[in-house]
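Below is one structure, written out as structure tokens, with a few remarks after it.
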Number of protein chains: 2
Amino acid sequence: MQKQETLTKNQKIILDLIEKSDQPLKAYSILFDVKKKGINAPLQVYRALNKLVKIGKIHKIESRNAFIACKNSKCQIAKATVFSICESCEDVTEIHDHKLSEHLRDFKDNKGMKYNKYNLEFFGLCKKCV
Amino acid sequence: MQKQETLTKNQKIILDLIEKSDQPLKAYSILFDVKKKGINAPLQVYRALNKLVKIGKIHKIESRNAFIACKNSKCQIAKATVFSICESCEDVTEIHDHKLSEHLRDFKDNKGMKYNKYNLEFFGLCKKCV
DNA sequence: TTAATTATGTTATATTATTACACAGCGTTA
DNA sequence: TAACGCTGTGTAATAATATAACATAATTAA
């Protein structure tokens, strides 16, 4: 049984904001939005973001430097993320594909490296933008 | 037959430097190193990097904001990259695994999105660091 | 040989992220 | 209960990453 994390005030404020958006948010846009709630400095935002990433509540879209909520309630997948990104409208969707996950989880390279995490980003054009 | 790109002076200088390193280099460390060759400004470095990424001579390691040379002479894989990253020593290796590439190339999500590119980063501990 | 495209050099600035310091709250444990 | 470790807070300063805007030159295509 995984310990249920209790979030602090700052962490809750920032998680709420990210969960309300279905698209990734950037750190400084988050900062702008939470100033009215008393969060004034970048570091306060980054600290909360780092924690939320760590516990799997949000994911970082590395190629965009932005953060999106994890829709998977179980959050075991914090360490195994797959996203699709539209290069035109920048729409980002988290992908859960059992077969793909299995394939990635089971992947072994020829160097004997032990993987505990991966991040996969697919790029293309979404239906609307084709 | 793919057109063989002719690189400009700046592009060559920067590609040379990156190819001499077997590990990813960061933009400002590149800038520092090429100052003696007359490249003085970040933008000159970023412009060359962007071009080299575009033509597949180098890849960006998104989670590290760093650039590594593509070892694959054919460079068709600029748009389909897989890396392993050691979270302890930060060693980065490009992975070419036929089965994995096939799987990723053929991946279809359930939203009808057309992918033309992907980037996969595996994280863990390399043999030395385990 | 004009026009379009791509690259250059430079200055300034925007964006993303961390260091450093002082201190507060909480649970453990001795 | 006092000392300790751990995690979080608030603030200021600054580091690291990346792009905008402008003028100009070189290269390629029509």
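Annotations
- When every residue of the range B:5-22 is checked against the conditions, none turns out to be modelled with pLDDT under 95, surrounded by fewer than 15 Cβ atoms within 10 Å (Cβ to Cβ) and closer than 23 Å to A:GLU87 by Cα.
- Of all the numbered requirements in (1) more than 20 Å from B:THR93 (Cβ to Cβ); (2) loosely packed, with under 14 Cβ neighbours inside 10 Å, B:ASN65 misses one, and that requirement is (1).
- Residue check for A:VAL82: assigned to a helix (DSSP H, G or I) and either within 15 Å of DNA strand D (Cβ to nearest atom) or in contact (Cβ under 8 Å) with a residue 12 or more places away in the chain (or both): no
- One residue from A:ILE39, A:ILE95, A:ILE85 being within 21 Å of B:GLU62 (Cβ to Cβ), open to solvent by less than 60 Å² (accessible area, probe 1.4 Å), more than 12 Å from the chain's Cα centre (by Cα) and not acidic (Asp, Glu): A:ILE85
- Residues that are in a loop (DSSP other than H, G, I, E, B) and either within 7 Å of another protein chain (Cβ to nearest Cβ) or touching a residue at least 60 places away in the same chain (Cβ under 8 Å) (or both), drawn from the range A:107-130: A:PHE107, A:ASP109, A:LYS111, A:GLY112, A:MET113, A:CYS126, A:VAL130
- Considering residues of the range B:43-70 that are more than 11 Å from the chain's Cα centre (by Cα) and more than 10 Å from DNA strand D (Cβ to nearest atom) only, the residue farthest from B:ASP16 (Cα to Cα): B:SER63
- Residue count for the range B:1-47, restricted to those that are within 12 Å of DNA strand C (Cβ to nearest atom) and either within 15 Å of B:CYS70 (Cβ to Cβ) or among the hydroxyl-bearing types (Ser, Thr, Tyr) (or both): 9.
- From the options B:ASP22, B:ASP33, residue that is of a type in the set (Asp, Glu) and either without any contact (Cβ under 8 Å) to a residue 12 or more places away in the chain or in a loop (DSSP other than H, G, I, E, B) (or both): B:ASP22
The values are calculated or read from the model by the stated rules, or taken from the named source; none is laboratory data. If you're wondering where the values come from, they're calculated on a predicted model, not measured in any experiment. Neighbour counts are summed over all protein chains in view; Cβ atoms, including those assigned to glycine, are modelled from backbone coordinates with ideal geometry. Areas reflect the complete protein model, heavy atoms only, side chains present, ligands, DNA and RNA absent. Shrake-Rupley method; radii C 1.70, N 1.55, O 1.52, S 1.80 Å.
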